[in-house]
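Asker: I have a structure I would like to understand better, so I am pasting it below and will then ask my questions one at a time.
The values are calculated or read from the model by the stated rules, or taken from the named source; none is laboratory data. All values derive from a computational prediction rather than experimental measurement. All Cβ positions, glycine included, derive from the backbone under ideal geometry; neighbour counts span all protein chains shown.
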Amino acid sequence: MTAIARSWNGLSDRNPLVQFVDVCLRGPAQVVFQNNPLSGLLILAAVAWGAFENGQPRVFGGAVVGLLVGTVTALLLRVDRASWRKGLFGFNPVLTGIAVPTFLDHRPLMWLYLVLGAAATTVLTLALNNVFKRWGLTAFTFPFVLTTWFLLMAAYQFDRFSVLTKLTPKFPGGGDITRGSFDWGLLPSFLRGVSQVFLIDSWVSGLLILVALLINSRWSALFAVVGSVGAILLALWFGADATSLEKGLFGFNAVLTAIAVGAVLHRPGVLVTAYTLFGIALTLVVQMAMTTLLTPLGIPVLTGPFNVATWLLLLPDRHFAPVPHHERVEDGVASAVRRSV
């Protein structure tokens with residue numbers, strides 16, 4: 001730990017306002033399993049860049065509002081203080097905060113919808129972690145996924161909202177798929193595969209997120225790259241839609257699976273790497289299956305495939321030399337696996 005990090009941690013322990021800022025910054029970092037405020041700050045910068053680059057500054061505003069509402073809601077509910085300090089109640093709401101203005105048109109009522117959704121995400125985090133702890137698992141980003149699915153499906157019934165997912169409810173199989181081919185122009189897609197974890201279509205944002213990972217964990221950064229590249233190349237090989245390939249939409253779920261399985265919940269090694277590569281392929285298949293399942297509902301898969309695939313990979317209890325608990329106290333999501341929230 002650097003002198004600056006020690007000074008910041010000491011200041012956050014003494015000053016409640018600085019402590020709240022510290023907790024909020026850790027929230028975005030916990031989306032990619034990092035417990036580091038600087039990583040979180042860089043990720044927020046990546047979200048801001050992508051939002052403004054794509055002409056949707058409200059997406060960054062939604063991220064900030066969702067993060068604040070989720071963190072405050074957890075505080076009011078008197079959650080476990082140690083988990084709160086690590087930002088474990090900020091990472092799902094920040095994703096909900098990004099999703100609502102991304103998939104709903106910009107109206108004043110949208111912000112009320114977002115606030116309600118962010119608060120609900122925190123409640124769902126508590127509820128789902130209480131369920132999944134029975135199997136030694138954590139809910140990961142599923143509270144965000146479930147909340148956003150409910151919000152979008154409900155919005156179809158409200159005249160004051162327009163859903164912008166570009167997924168017209170229809171039975172699958174009726175659309176045209178444009179085939180892609182590999183060229184060096186596909187390389188930015190690998191970075192977009194990282195940025196799409198936060199629903200951002202920007203290779204610059206993806207690069208910033210990789211830097212944020214590298215600051216806290218070189219293994220996490222490496223496996224994020226492996227996850228994105230592996231899933232996108234496999235999707236290309238299988239003949240997936242070229243437009244989705246270019247946007248990195250086949251990489252982001254695999255990015256999360258690769259980081260979780262390869263770098264956070266197991267000690268990196270040859271066997272773990274092989275298991276992670278299998279997990280990347282499994283995540284892609286689960287994503288395509290869920291896309292077929294959810295197309296008639298007109299809602300995106302979000303990070304649902306990552307959750308399903310990672311649960312399946314962890315349930316067999318193949319630890320592959322797990323990182324000892326005392327060594328991963330600082331890894332928020334990993335510690336949540338062994339502790340009720």
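Asker: Answer yes or no as to whether PRO101 is buried (at least 24 other Cβ atoms within 10 Å of the Cβ), touching a Lys or Arg at 6+ places or on another chain (Cβ under 9 Å) and within 30 Å of ASP159 (Cβ to Cβ).
Answerer: Yes; evaluated as a whole, the condition is true for this residue.
Asker: Among the residues of region 1-40 satisfying the criterion of being assigned to a helix (DSSP H, G or I) and among the polar types (S, T, N, Q), which is surrounded by the fewest Cβ atoms within 10 Å (Cβ to Cβ)?
Answerer: Across region 1-40, the extreme among qualifying residues is SER7.
Asker: If we keep just the residues of region 202-260 that are among the polar types (S, T, N, Q) and within 13 Å of PRO188 (Cβ to Cβ), which is surrounded by the fewest Cβ atoms within 10 Å (Cβ to Cβ)?
Answerer: Result: SER202.
Asker: With the condition kept exactly as written, say whether any residue in region 207-228 is in a loop (DSSP other than H, G, I, E, B), at pLDDT 95 or above, over 24 Å from LEU313 (Cα atoms) and within 22 Å of the chain's Cα centre (by Cα).
Answerer: There is no residue in region 207-228 that is in a loop (DSSP other than H, G, I, E, B), at pLDDT 95 or above, over 24 Å from LEU313 (Cα atoms) and within 22 Å of the chain's Cα centre (by Cα).
Asker: When you check GLY185 against the structure, is it surrounded by fewer than 23 Cβ atoms within 10 Å (Cβ to Cβ), modelled with pLDDT under 95, part of a loop (DSSP other than H, G, I, E, B) and of a type in the set (Gly, Ala, Ser), yes or no?
Answerer: No: the conditions fail for GLY185.
Every residue, every condition in (1) buried (at least 19 other Cβ atoms within 10 Å of the Cβ); (2) assigned to a loop (DSSP other than H, G, I, E, B); (3) at negative phi; (4) not β-branched (Val, Ile, Thr), yes or no:
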position	(1), (2), (3), (4)
LEU112	no, no, yes, yes
LEU124	yes, no, yes, yes
ASN130	no, no, yes, yes
LYS133	no, no, yes, yes
ALA139	yes, yes, yes, yes
THR147	yes, no, yes, no
GLN157	no, yes, yes, yes
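Asker: Which of the residues spanning region 73-87 are assigned to a helix (DSSP H, G or I) and surrounded by fewer than 18 Cβ atoms within 10 Å (Cβ to Cβ)?
Answerer: LEU75, LEU76, ARG81, ALA82, ARG85
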